[in-house]
Structure formats: C-alpha cells, structure tokens
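The values are calculated or read from the model by the stated rules, or taken from the named source; none is laboratory data. Quantities reported herein were computed from a predicted structural model and do not represent experimental measurements. In this analysis, Cβ positions are derived from the backbone assuming ideal geometry, glycine residues included, and neighbour counts consider all displayed protein chains.
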Amino acid sequence: WPVQAALISEINALKKERNAVILAHNYMTPDIFHGVGDFVGDSLALAKEAAKVDAKVIVQAGVHFMAETSKILSPEKTVLIPDLRAGCSLASSITGADVRLIKERHPGLPVITYVNTTADVKAETDICCTSANAVQVVEWAAKEWGVDKVILIPDEYLARNVAAQTSVGIIAWAGHCEVHKRFTTQDIADMRAAWPGAEVLAHPECPEEILQAADFAGSTAAMISYVEKNRPKKVVLITECSMASNIKGDVPEVEFVGPCNMCPHMKRITLENIRDCLLHMQFEVTVEPEMQEKARAAVQRMIDLPP
Ligand code: 13P
Ligand code: SF4
C-alpha cells in the first residue's frame, strides 16, 4: 500500500507544519483511524477532546455536526472538515424552528438533544447527550427541572431505547439514522443461525426490536470496550462497517462476523481529502457567535456532568 503510506507521511508532516490535530470518529476507515488520527473515539470522547485540545487547527475526520461541535467548544481554533457534504440523516431531520414549536407545545419541560444535530438546534437546547450518556442526562434533567417528562430529540429510536431504561417520560421526534434503521431482526436471526454462539452488540440508534434481540447495546466506544473486556470468540457489531475493521488488530482472537451498513457521510472523508484539507486549509466550519454561545452552554453542560 505505498500510495496510502506516502499520503499518511504527507499528512503527518502537514499536521506538524500547521499545528493541527485530527479528531477521528470510530467510523473512519482504518487508514485514517490508525494512520493519521491523533484522537479517536465516539461522539462524546471527541467532543471532550475538542474542548481541551492544544493546537491551532482541528481537522474533523467525521461528519459536519461533529465539526460544528468542535467549533462551538473551541471558538478560537480553526476547525476544518475535509468534505462539507459529510452530513447526517439525524442532523438534517430537525431545525431550530422545529424545536421552538416543540417547546411551545410542551412548556416547562427540559429539551435534550442528541449531539447529532446542527448548531441552530443545539442553541435551542438545555443540555445535549450522546448515545453513551443519554439515560444519565435524561434522569439528571428530570431531577434538575423537577419534572417527570423530558423532550429527547431527534432520534426516535434512541428515545425509545432510553425510555425502556428509565421511569422518566420521553417526548420524541421522528428522526432516524439511515445506517442503523436498516438492520432487521431477520439479520440477527440469520447471524445466530450461521454462527452459533456469536455475541450480538447493537448501537442504540437501531430500532428497539434490534436491541431486544441483541446481547448488549451501547455507543461505539461502549461496544469496543465490551469486545476488549469480554473477548467473545465471535461477535456481530450491528453498526457501521469500519468499527470491526478498526479494532480487529487489537483483539486477534475475536472473529468479527455478520452484517454491517456503510455510512455514506462518514465515507466522504478520505486520506486524499484530509491531505488537501491541511494543504489548502479547507473547508472551514464556522458558527455565528450568538448561536455558538447558546449551543456551547448545552454541550458544556453535558461535558460537565459527573462521569
Ligand atoms: P457514537 O460514536 O456516539 O456512538 O455515535 C455514533 C454515530 O452514529 C455518530 O454519528
Ligand atoms: Fe448520522 Fe447515522 Fe451516519 Fe452517524 S451513522 S453520521 S447518525 S447517518
């Protein structure tokens, strides 16, 4: 793979020259994840890293809402994304105007939004959450506001999966992840028949019947920890394809089997466009200052919650 090796060296040299770091999500391809990512992780870990990272430039190897989150937390830094078209079906399912209408319909209830949202949605939010901390955030908000119901948007399946784990009532929205909603219980039944004994791990953005049929549900980082800790002989990761490729090398005794779906948005990020991004300092992600200040309060509240 000489072309990739040359690109990786070029990118690593450009990072030094530009005083840049690359924040890479767990769904990046292995050449990015292992070759050039300075910090790798799930949405929560990357948001926390963006808040404290010591560099002038952040390159977000992920999707647009992640780059906006980094900018919201580090307004003094230049935040770049290698392809502006790297979107997300959840982020595009709702706008700030929609959230204002929901608030009018349910006055007095705390608004919790998944980090997979645009900055204008975060600006209408009381506190953000990720798939790693959604139950904790819902219970914290209900207690803090003294209510028995909260608004948790825009992922309908995440909302239902959280509702199954708490007594707090949830008002949801009909947004979906186009990658996770495509898995079916038939996929799981087929895998269990083909690979008896395989453990099935699913992401909470999947429909609830998938999580009921799975052995474990958790964020991308939680799935990785589960595999590293339990070392199952065979495992099915009901999530994006790159996850298994990225961790295979660390757990050689584990066999990864079964279906995966590709996120077309995550896959827009390549070694080539990361190199161009650093070479030409493109494409800068900015957030209007007033919106950024309001959105920052919601993201920071999440980061400040006790672990
Ligand atoms: P996490 O990495 O937070 O589990 O999120 C998955 C995802 O779909 C990000 O777009
Ligand atoms: Fe959005 Fe789903 Fe892709 Fe994550 S995997 S970026 S939630 S479309």
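Numbers at a glance
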{"read-out": "Matching residues in the stretch 163-205 - criterion: being among the small types (Gly, Ala, Ser) and either surrounded by fewer than 19 Cβ atoms within 10 Å (Cβ to Cβ) or under 24 Å from the mean Cα position of the chain (by Cα) (or both)", "value": "ALA163, ALA164, SER167, GLY169, ALA172, ALA174, GLY175, ALA189, ALA193, ALA194, GLY197, ALA202"}
{"read-out": "Any hit, the stretch 120-127, residues being assigned to a strand (DSSP E or B) and within 13 Å of the chain's Cα centre (by Cα)", "value": "no"}
{"read-out": "Complete set of residues in the stretch 164-194 that are touching a residue at least 24 places away in the same chain (Cβ under 8 Å), within 16 Å of ligand 2 (Cβ to nearest atom) and not in a helix (DSSP H, G or I)", "value": "TRP173, ALA174, GLY175, HIS176, CYS177, GLU178, VAL179, PHE183"}
{"read-out": "Subset of the stretch 195-210 (residues that are within 16 Å of ligand 2 (Cβ to nearest atom) and of a type outside the set (Gly, Ala, Ser))", "value": "LEU201, HIS203, PRO204, GLU205, CYS206, PRO207, ILE210"}
{"read-out": "Options ILE22, ILE72: the member that is in a helix (DSSP H, G or I), β-branched (Val, Ile, Thr) and away from ligand 2 (no atom under 15 Å from the Cβ)", "value": "ILE72"}
{"read-out": "Whichever residue in the stretch 246-260 is within 16 Å of ligand 2 (Cβ to nearest atom) and at pLDDT below 95 and, among such residues, is farthest from the chain's Cα centre (by Cα)", "value": "PRO259"}
{"read-out": "Positions within the stretch 78-100 being crowded, with 18+ Cβ neighbours inside 10 Å and in a loop (DSSP other than H, G, I, E, B), in sequence order", "value": "ILE81, PRO82, ASP83, ALA86, CYS88, SER89, LEU90, ILE94"}
{"read-out": "The listed residue being surrounded by fewer than 23 Cβ atoms within 10 Å (Cβ to Cβ) and more than 16 Å from ligand 2 (Cβ to nearest atom), out of GLU156, GLU139", "value": "GLU139"}
{"read-out": "Search result, residues across the stretch 269-302 that are within 16 Å of ligand 2 (Cβ to nearest atom) and in contact with a Gly (Cβ under 9 Å, 6 or more places away or on another chain)", "value": "ILE269"}
{"read-out": "Residue in the stretch 200-216 that is touching a Gly at 6+ places or on another chain (Cβ under 6 Å) and either within 16 Å of ligand 1 (Cβ to nearest atom) or more than 18 Å from ASN116 (Cα to Cα) (or both) present", "value": "no"}
{"read-out": "Filter result (touching a strand residue (DSSP E or B) at 6+ places or on another chain (Cβ under 6 Å) and without any contact (Cβ under 8 Å) to a residue 24 or more places away in the chain) within the stretch 1-39", "value": "ASP38, PHE39"}
{"read-out": "Qualifying residue in the stretch 105-116 (condition: at negative phi, small (Gly, Ala, Ser) and either free of Cβ contacts under 8 Å to residues at least 40 places away in the same chain or within 16 Å of ligand 1 (Cβ to nearest atom) (or both))", "value": "no"}
{"read-out": "So GLN300, is it outside any helix (DSSP H, G or I), modelled with pLDDT of 95 or more and more than 16 Å from ligand 1 (Cβ to nearest atom)", "value": "no"}
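Residue-wise test of (1) free of Cβ contacts under 8 Å to residues at least 60 places away in the same chain; (2) buried (at least 24 other Cβ atoms within 10 Å of the Cβ); (3) in contact with a Pro (Cβ under 6 Å, 6 or more places away or on another chain); (4) assigned by TED's automatic domain parsing to the domain that holds ALA214.
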position	(1), (2), (3), (4)
ASP126	no, no, yes, no
ALA132	no, no, no, no
GLY146	yes, no, no, no
LYS149	yes, no, no, no
